[in-house]
Amino acid sequence: MKIGFFGGTFNPPHSGHMSAAAAAIKQLGLDKLFFIPTAVPPHKKLPDDSAAGIQRYEMLKEACKDIPNSEALDIELRRGGESYTADTARELKAQYPEAELWMLCGEDMFLTLEQWYRSDWIFKNVNIAVFARNDFAEKKLARHAAQLASDKGASVELIKSEPVVISSTKLREMLKNGAGGEYLSDGVYSYILKNRLYGVRPQPDKLWKLVEPWIKEKRRDHVSGCRAEAVKLAVRWGADVLDAENAAILHDLTKGMDSNEQLILCEKYGKIIRNIDKDDFNVLHAFTGAEIAGALFGASDEVCSAIRWHTTGKADMTLLEKIIWLADYIEPGRSFPGVEEVRRLAYTDIDEAMKLALGMSLDNLKNRGIKPYGATFDALAFLADKGE
Ligand SMILES: [Fe+2]
Ligand SMILES: [Fe+2]
């Protein structure tokens, strides 16, 4: 049985790690590969915005779902303190005495192996698989491998893989700016959003992929239309485009569920909805959608508020709240008498557009015999006062 292990901070685990690991599993014919998150790395300090050890482990568990024969192991976290590879390898050897052990490592680590704690023991008991970044590196690594083989009796194999060039530092920076999702599995990205790691702001395309299964097929065109409209309005009025796009993607998140399902889901995430008529389905989905967007999808308070008020409006709305309210009302799929005038005003005078649309919305409810929500009157009254 061949067992590999791959240690690192995995902060977060990304496609650079995972594609290298998959190549190693294939090339070496590993029966199992363990990913082992470091507790405290001996040679470098974890940056301040790092995820906790347990979070790095849980992210790895998510990432492993996409790599057959792989598994995350928390042995270094449980051991605590500085994580030395020799200790980890000993533990694995004790657990799998018959196995051929392979340690996976990157180029930089490989070139300093001799200075590691108990490196002679490692060379005697563990085979080493090193990832080569390119042909030039491959030559350098091959020379070093030959040297280690003759000096220390080490067994080294170079892993040939198409490297995914991304550093964790760069990736964490990208996550803060609504980017970088393409380097992360959906499971890892969801985990990061849910736990709001690394100051993440949701990346619209990745968010859409995660949210799509929540939205009934018949409503997807509406949400896409709302997303496009929200972006255009945000650009026109100088609002935060990323927030507008994400709020639009999330605004009807819970609309496909019945009232009970919505409330049960909110309770599950510790969100209790109060002061709302639970039978008022149209209003309820805005409230529950906001709570779930915050609990599961990393939506900021501003984005949650825009979702919360997207059906009724309220007094003194923020620019983002107005944009989402209007985008929902005038997205390209909407067609009803008067919508063209609201569309025109939305790009020339946003408050006038709101006034007209709120009035139309109240008339519509009245004609259908539906009691309007008080906040809609407040929204209209506030804008009327402001206009005087
Ligand atoms: Fe809605
Ligand atoms: Fe909507």
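Here, each number is a calculation from the coordinates, and none is a lab measurement. Treat the numbers as computed from the prediction; the structure is a model and nothing was measured. Ideal geometry is used to build each Cβ from the backbone, glycine not excepted, and the neighbour counts take in all protein chains shown.
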Order these by the 10 Å Cβ neighbour count, fewest first: 385, 31, 48.
48, 385, 31
Decide, for region 70-149, between rounded, prolate and oblate: order the square roots of the alpha carbon gyration tensor eigenvalues as a ≥ b ≥ c, take rounded if a/c falls under 1.5, and otherwise choose prolate if a/b is larger than b/c, else oblate.
prolate
Charges at C-beta only: +1 for Lys and Arg, -1 for Asp and Glu. How large is the resulting dipole of region 126-227 about its Cα centre, in Debye rounded to 20?
460 debye
In terms of the alpha carbon gyration tensor, root eigenvalues a ≥ b ≥ c, rounded if a/c is under 1.5 and otherwise prolate when a/b exceeds b/c or oblate, region 2-174 is rounded
Options 21, 214, 257, ranked by Cα towards positive dipole end of the chain, top entry (Cβ charges)
21
Could you please rank 191, 84, 347, 329, placing first whichever residue has the fewest other Cβ atoms within 10 Å of its Cβ?
347, 84, 191, 329
Using only the Cα atoms of region 156-243, each taken as one equal point scatterer with no solvent, compute I(q) by the Debye sum, divide by I(0), and report log10 of the ratio at q = 0.17 Å⁻¹.
-0.85
When the chain is treated as a Gaussian network with springs between alpha carbons less than 10 Å apart, the largest mean-square fluctuation among 12, 372, 332 is found at 372
Need one word for the chain: rounded, prolate or oblate. Basis is the Cα gyration tensor (sqrt eigenvalues a ≥ b ≥ c); a/c below 1.5 gives rounded, then a/b vs b/c decides.
prolate
Residue-by-residue Karplus 3J(HN,Hα) for region 21-30, coefficients 6.51, -1.76, 1.60, Hz, glycine and proline x:
5, 4, 5, 5, 4, 5, 5, 8, x, 6
Enumerate the amide H contacts of residue 128 below 5 Å, restricted to partners 5 or more residues apart or on another chain; note that Pro and chain-start residues carry no placed amide H.
103, 155, 156, 157
As a quick test, which of the pairs 45/206; 45/139; 61/194 have an alpha carbon distance above 21 angstrom in this structure?
45/206; 45/139
Where does helix 374-387 land angle-wise versus the long Cα axis of the chain, in degrees 0 to 90, nearest 10?
80 degrees
Counting each pair of different Cα atoms once, what's the Kirkwood radius of region 217-346 in Å, rounded to one decimal?
14.7 Å
Across region 318-388, what fraction of all alpha-carbon pairs, as a whole percent, falls in each successive 5 Å bin from zero upward?
3, 16, 28, 27, 19, 6, 1
